[in-house]
1. Give Gly158, Gly163 a once-over and let me know the one that is surrounded by fewer than 17 Cβ atoms within 10 Å (Cβ to Cβ) and at positive phi.
2. Got a sec? Which of Ala55, Ala113, Ala103 is over 25 Å from Met384 (Cβ atoms), free of Cβ contacts under 8 Å to residues at least 60 places away in the same chain and in a helix (DSSP H, G or I)?
3. Taking strands (runs of 3 or more DSSP E) that do not extend beyond segment 281-385, which have at least 1 residues that are out of contact with any Asp or Glu (no Cβ under 8 Å at 6 or more places or on another chain) and either more than 30 Å from His79 (Cβ to Cβ) or within 16 Å of the ligand (Cβ to nearest atom) (or both)?
4. The conditions are (1) part of a loop (DSSP other than H, G, I, E, B); (2) touching a helix residue (DSSP H, G or I) at 6+ places or on another chain (Cβ under 9 Å); (3) more than 28 Å from Asn172 (Cβ to Cβ), and Ala65 fails exactly one of them. Which is it?
5. Go through segment 119-144 and give me each residue that's acidic (Asp, Glu), surrounded by 15 or more Cβ atoms within 10 Å (Cβ to Cβ) and farther than 12 Å from Glu360 by Cα.
6. Criterion first (part of a helix (DSSP H, G or I), within 15 Å of the ligand (Cβ to nearest atom), under 30 Å from Arg371 (Cβ atoms) and touching a Lys or Arg at 6+ places or on another chain (Cβ under 6 Å)) does Leu150 satisfy it?
7. For segment 170-177, indicate whether the set of residues that are under 30 Å from Thr378 (Cα atoms), crowded, with 22+ Cβ neighbours inside 10 Å, more than 12 Å from the ligand (Cβ to nearest atom) and polar (S, T, N, Q) is non-empty.
8. So Val397 fits all but one of (1) within 16 Å of the ligand (Cβ to nearest atom); (2) outside any helix (DSSP H, G or I); what number is the exception?
Amino acid sequence: MAEADAATSAAPVSGLDPFSDEYILDSYPQHAQLRDAGPVVLLEKYQVYATGRYAQVRAVLEDAATYCSGAGVGIDNYHKVPPWRPPSMVLETDPPEHTRNRAVISRTLSPAALRALRAGFEEEAAMMVDSLLARDSFDAVKDMGEAFPLKVFANAIGIPKEGRHHLVAYGNMVFNGMGPHNKLYDQAMANPDEVSGWVWEACQRRNLTPDGLGIRIFDAVDSGILTDEEGARLVRSFLSAGTDTTAAAIVNALYCFATNPGQWQALRERPDLARAAFEEILRFESPFQTFFRTTTRDAELAGVRIPAGEKVMLSLGAANRDPRQWSDPDRFDITRTTTGHVGFGGGIHGCVGQMMARLELEVILRAMAARVSTIEITGEPRRMLHNTLRGMEYLPVRLRA
Ligand code: HEM
C-alpha cells in the first residue's frame, strides 16, 4: 500500500503557510483550503508535504514504518538539521527504542496511579473554581489554564515547587520549536539555557518527591532497563508534553462554552457528559494543531507520490473538522460521537498521557458544572500566536454562581 507505483501522481502545490499569523488567527477557513487543495499537497514555502484530510492523517498515524518520528516531529529533519535539545525518547523515536521507553511511561501512568490522584485533583478543582467565582473577572489563561496543571500535574509528577513557571516556557520552546525558524520560534527560544537548565534539574532523581510519578520512572533505572540520564529524559517527556497542551485545552474549553452557552447549560444539566464534552473540545479546538512525520521510503498517500526522506505535516486541527469525516464539523456539540478524533494523535505515538489529561479536564468541568451558571467573556480575547498549539494568549472571563 505504501510503496510508490506507476499510478501515483505528484502532489499539488499549495501557497498556504500554516505558520503565518494570518493562518493561525483565522485557521478554520484556511484548514478548509488545505483540505480542498488535495488529499496531500506540497507546501511551496517550506517544500514539505501536508495533509489536512482525516483519512490521510489517520493513515499516516497508523503507518509508523513508512512515516517515522525519529527524524523529529517538527518541520526540521533531524537527519539534516541537528535538534536544539537531546530529542525526546518517546515522541521523537521509532521502534524498538520507542516501544521500550513508552512502556516505562505507560506503566507509570497506570489506571491505579491515576485513580489515586483523582480525589486530590477534585479538591483542587473545587477550590480553584470557588476562588475564581469570588472574583469579578480573571484571565483564563494564567489563572486557570496554566494555574491548574502547574499545581496538580506538577505535584503529581513530584517536581520542585519553586520555578514551575519555567514549565510553560519550556513547553513553548518544545512546541514552537517544531515549527519553522520564524519569529515565533525565535521568541520561544529567547532564554533557552535558564529554562532548559531548570527543567533538566527538576527531572533528576534527587529532586523528585518520593510519592510522585516521576520517581517511578527510576524503577526502570534500578532494574537496568534505562540509564540514569535516560530516566531523567523520560521524566522530561512528562513535563514537556503535559503542561502547555493541558493549559491550552482548559482555555479552549472555557472559550468553547463561553461562546456556546446552550452547550454549557447542557453540561450543567448532565455533568456526566464532562468526559464526552472534553473529547468534543479536543475535536473542535484541537490544542495540538500540527506535527510532522518523515518518510522512511518512497510512499504513496491517496495516490500522491511522496519520496523517501520527506517531511509530511499532519494537520490534526483540519482533520478534526474535515466534513468528509464529521457531519456539521463546525458545530460544537458535546453530545456528538467523537470516536476517532485525532486530538490525541493516534497509532503507536498516540498521546500516552491522555488519561491524565482527561482526568484533569473532567474534574475541572465537573467542578464548574456544579457551581457555575454562566461563563462570560468580559473583554477582547487574544489568540495565541504559536507554531503548533491552538489556544489563547489572553481570555478575560467572568463566572457567575
Ligand atoms: C489536552 C492535553 C494533551 C493533548 C492535546 C496532547 C496531545 C498529544 C498528541 C497529539 C500526541 C501525539 C504526537 C505525535 O504523534 O507525534 C501526544 C503525545 C504524547 N503526549 Fe500528549 N497531549 C496532552 C496531554 C499530555 C499529558 C498530560 C502528558 C503526560 C502525562 C502527555 C504526554 C505525552 C507523551 C509522552 C507523548 C509522546 C507519546 C509517543 O510518542 O509515544 N500528553 N500528545
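1. Details: Gly158 fails: surrounded by fewer than 17 Cβ atoms within 10 Å (Cβ to Cβ).
On inspection, the qualifying residue turns out to be Gly163.
2. Just a single option satisfies the conditions, and that option is Ala103.
3. Where strands (runs of 3 or more DSSP E) fall fully within segment 281-385 and carry at least 1 residues being out of contact with any Asp or Glu (no Cβ under 8 Å at 6 or more places or on another chain) and either more than 30 Å from His79 (Cβ to Cβ) or within 16 Å of the ligand (Cβ to nearest atom) (or both), they are 290-295, 311-315, 374-377.
4. (2)
5. Answer for segment 119-144, where residues must be acidic (Asp, Glu), surrounded by 15 or more Cβ atoms within 10 Å (Cβ to Cβ) and farther than 12 Å from Glu360 by Cα: Asp139, Asp143.
6. Working: part of a helix (DSSP H, G or I): yes; within 15 Å of the ligand (Cβ to nearest atom): yes; under 30 Å from Arg371 (Cβ atoms): yes; touching a Lys or Arg at 6+ places or on another chain (Cβ under 6 Å): yes.
Yes.
7. Looking through segment 170-177, at least one residue is under 30 Å from Thr378 (Cα atoms), crowded, with 22+ Cβ neighbours inside 10 Å, more than 12 Å from the ligand (Cβ to nearest atom) and polar (S, T, N, Q).
8. (1)
Each reported figure results from applying straightforward, stated rules to the coordinates on display, with no laboratory input. Every value quoted in this text rests on a predicted model; they were computed, and no experiment measured them. With ideal geometry, Cβ positions are generated from the backbone for all residues, glycine too; neighbour counts draw on all protein chains shown.
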